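First the structure, in the form of structure tokens, and then the observations on it.
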Amino acid sequence: MDYLQKIQYAANSYYNRGLELAHERDLSGAALYLKRALQFNKYHTDARNLLGLIFYELGETSDALIQWVVSINLQPEDNLADHYLDEVQRKPGQLEIASQTIKKYNQALAHAQSGSDDLAVLQLKRIVEEKPNFVKAHLLLSLLYMAHEDYTKAGKSLVKVLHIDQNNPKASRYMEYVKSRTGKADVEKRKLKNAYSHREMQDDDVILPPTYKENTGWQSIINIGIGLFLGVVLVMFMIVPARERSLNSQHNNEMLAYTDKLNLANQEMDRLRKEAEDYQAERAKAEEDLNNLVGDSGSVLVQYQTLAEILDAYRKDDITSAVRLYIDMDASKITNENMMNILTEIQADMAQRAPDVLQSLGEQAAGAGDYDAALHYYEKYMGINDRNPQIIFNMAMIYKAQGDEDTANQLFGQVIMNFSNSELSARAKTERGY
């Protein structure tokens, strides 16, 4: 077995183990094995597609999209990643929900880091309602509950995580902490001890005073009279004033309680108004981010698709199509590390081969009378190499033909000043009327 076969065998072994763990709902463990398989063989399409599915199941939609786009770039034909991308884009509002969810999670994280735990909990509750399989949101929510010693709610959030990902390491560790803090075993032990520490009284048990003496009839009458007199005195001088004081105090407490409730209501109204304003700003920002992601020809997804088309043109040895696609691509939208490495190689190749293609395309467009297209190709040429007097002269001639004398004369002046020894300098002087 040679070296390459050993590498392929190792990649397949890690993929098979990851597949087994995925079937067992151990998604975190499966992801580790699949990443290891891709370290041995980055062209292992099945491993990359399964890793994207795991990210999607964990609520990490953006990471899933990246894996599937890379997979299509590496294997354009007969690739299930194409189907997965179609399914995600076909679901109405799926990408918008993913974008807003990420924004809301980041905002909740910022609230938690700044000490606004109540706002963070409120935000995270809404996130998990909209996206119940977003594991990161459940984990952060459980941490906030644990910080406030609400271990019951923390346990419920962790149970949901472990239902999605059976052996999630963070959820397992947090659950052990929650179990250690609930103290159910200690409570049951104390109850059992108290149950047998004292004997309960029985129905026939009687408590006798230390002394007992029967009273005569006159003594009973006198005692009753004294009791009635003392009762009247107690009512007049003690109970009635105390009752009045109690009523006044109760009335004052009720007024204070109503005042506190009114203040809290006003504070809550101000907080809700501020929260509504924040949500409006977040919505506007999320819509802007979504438009940048999938909204138009300059969106992030379109740029990745354009890069894939450039690679396909290279495979077909169609350098002209590759150049046409390359000059209109926004390279700043490509942020994935693997794709940036591919883009760097393409940029280096384009710096060498694109100028000749662009000059030819510009001349063909100008010959066909399509001056706008010709100027477009020449301007892209200038972005790569601005020291070709022929390109500058050609652009000047097009502007002159369009009646833009000022721009034409400016370009002719560049040829005359910067390339005085070339034959085009004399022609430029003639065109300017020198």
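Anything in the stretch 96-122 that is of a type in the set (S, T, N, Q), within 13 Å of Lys136 (Cα to Cα) and buried (at least 21 other Cβ atoms within 10 Å of the Cβ)? List them, or say none.
Just the residues of the stretch 96-122 that are of a type in the set (S, T, N, Q), to begin with: 99-101, 106-107, 113-114, 116.
Add one more test, that the residue is within 13 Å of Lys136 (Cα to Cα), and what stays is 101, 106.
Across the stretch 96-122, the qualifying residue is only Thr101.
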Those residues of the stretch 139-164 which are crowded, with 24+ Cβ neighbours inside 10 Å and under 19 Å from Ala64 (Cα atoms) amount to Val161
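For the stretch 336-390, what are the residues that are of a type in the set (Ser, Thr, Tyr) and surrounded by fewer than 18 Cβ atoms within 10 Å (Cβ to Cβ)?
Quick first cut of the stretch 336-390, residues of a type in the set (Ser, Thr, Tyr) only: 344, 360, 371, 377-378, 381.
Hits for the stretch 336-390 are Thr344, Ser360, Tyr371.
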Residue pairs qualifying under the 8 Å Cβ cut-off, at least six apart or on distinct chains, with the first in the stretch 36-63 being within 22 Å of Val300 (Cα to Cα) and the second being part of a helix (DSSP H, G or I) and charged (D, E, K, R), are Leu51/Lys35; Gly52/Asp63; Phe55/Asp63; Gly59/Lys136; Glu60/Lys136
When (1) within 30 Å of Leu65 (Cβ to Cβ); (2) not in a helix (DSSP H, G or I) are applied to Ala348, the one that fails is (2)
Pairs returned, first residue in the stretch 343-365 that is more than 20 Å from Leu311 (Cα to Cα), second residue that is of a type in the set (A, V, I, L, M) and buried (at least 18 other Cβ atoms within 10 Å of the Cβ), beta-carbon separation under 7 angstrom, 6 or more apart or interchain, are Gln359/Ile391; Gly362/Ala374; Ala365/Ala374
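Bear in mind that the values in this text are calculations on the coordinates, not laboratory data. Bear in mind that the values here come from a model prediction, so they are computed numbers and not experimental data. Glycine gets a Cβ as well: all are built from the backbone with ideal geometry, and neighbour counts include every protein chain shown.
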